[in-house]
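Step one of this worksheet: look at the structure below.
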Amino acid sequence: MTTVGLLYPGHSAEDDYPRLEVLLDSDIRLPVVHTDIGEDAHRVDALLKMGSPERLAAGVEALRLEGAESVVWACTSGSFVYGWEGAHEQVRALAEAAGMPASSTSFGFAHAVRHLGTPRVAIAATYPADVTEHFAEFLEKSGAVVVSGRDAGILTAAEVGTWGREEVLELARSADHRNADVLLMPDTALHTVAYLADLEADLGKPVVTANQVTVWEGLRLADRRAWANGLGTLFARPDHVADLVDVK
């Protein structure tokens with residue numbers, strides 16, 4: 001049994017995690033503890049408050065009781081807005097409070113890009129433009145090359161959580177670029193797990209989404225490798241990757 005603890009702000013697309021648990025079809029557990037979202041706004045000042053050490057630390061005892069072996073702050077914007085160094089400090093404080101390895105969705109994206117060996121990325125973000133720019137800067141600090149991006153300009157996680165398959169696919173198509181090796185969709189408020197196979201088939205390249213990579217990052221911290229059908233290139237068996245997508 002491997003248990004990855006997830007700290008998730010508010011309520012939007014957390015039902016992606018039970019779906020991931022089922023698709024992984026193994027002894028992996030993904031308990032979710034909801035943190036105080038404060039003001040639901042994709043605005044830098046609100047996001048900084050959302051990711052404060054006090055709000056994250058409040059959820060760790062419940063995850064310890066669940067037997068978590070690692071913990072991930074399941075929020076991209078509430079970590080990358082701190083900048084590269086600030087986001088490192090955020091997860092260091094979380095690890096100390098939790099007494100276990102810790103990371104965030106933002107670092108999950110950085111590590112996944114390196115793992116896939118695909119440094120040129122396109123960003124398909126639901127956020128306003130200024131928040132999306134913070135994510136691009138964070139990625140570039142990690143060594144990625146951002147070749148294109150699209151921001152949908154949505155202010156609240158609640159609205160993002162209402163999006164379905166067609167909106168997700170349209171955002172991905174509009175953000176993609178022929179020079180991008182991989183497309184990133186950074187909002188954990190966006191339902192994407194059910195559409196991963198469709199996204200990769202449509203774009204013909206790996207697609208990494210926030211809830212998918214959050215779980216991958218937690219498993220990486222727990223030193224647990226996992227593969228699954230339908231969860232994209234990131235969770236594909238190494239000998240099956242070439243069969244899934246024709247990487248551009």
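Only the coordinates and a few stated rules stand behind these numbers; no lab work does. Because the structure is a prediction, the values reported are computed rather than measured. Quick reminder, even Gly has a Cβ in these numbers, built from the backbone with ideal geometry, and neighbours come from all protein chains shown.
Values for this structure:
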item	result
Residue match in region 123-134 (condition: surrounded by 24 or more Cβ atoms within 10 Å (Cβ to Cβ), hydrophobic (A, V, I, L, M, F, W, C), touching a helix residue (DSSP H, G or I) at 6+ places or on another chain (Cβ under 9 Å) and more than 20 Å from Glu159 (Cα to Cα))	no
Filtered residue count, region 25-75, keeping only those that are touching a Pro at 6+ places or on another chain (Cβ under 7 Å), more than 18 Å from Ser103 (Cα to Cα) and among the hydrophobic types (A, V, I, L, M, F, W, C)	1
Residues of region 136-151 satisfying the condition of being over 24 Å from Gly86 (Cα atoms) and either among the basic types (Lys, Arg) or in contact with a helix residue (DSSP H, G or I) (Cβ under 6 Å, 6 or more places away or on another chain) (or both)	Arg150
Restricting region 15-54 to residues that are touching a residue at least 40 places away in the same chain (Cβ under 8 Å) and among the charged types (D, E, K, R), the residue that is surrounded by the most Cβ atoms within 10 Å (Cβ to Cβ)	Asp16
Which listed residue, of Arg225, Arg178, Arg220, Arg173, is surrounded by fewer than 17 Cβ atoms within 10 Å (Cβ to Cβ) and assigned to a helix (DSSP H, G or I)	Arg173
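Yes/no matrix, rows are residues, columns are (1) within 27 Å of Glu39 (Cβ to Cβ); (2) over 16 Å from the mean Cα position of the chain (by Cα); (3) of a type outside the set (Gly, Ala, Ser):
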| site | (1), (2), (3) |
| --- | --- |
| Val145 | no, yes, yes |
| Ile154 | yes, yes, yes |
| Leu169 | no, yes, yes |
| Ala175 | yes, yes, no |
| Leu184 | yes, no, yes |
| Val193 | yes, no, yes |
| Asp198 | no, yes, yes |
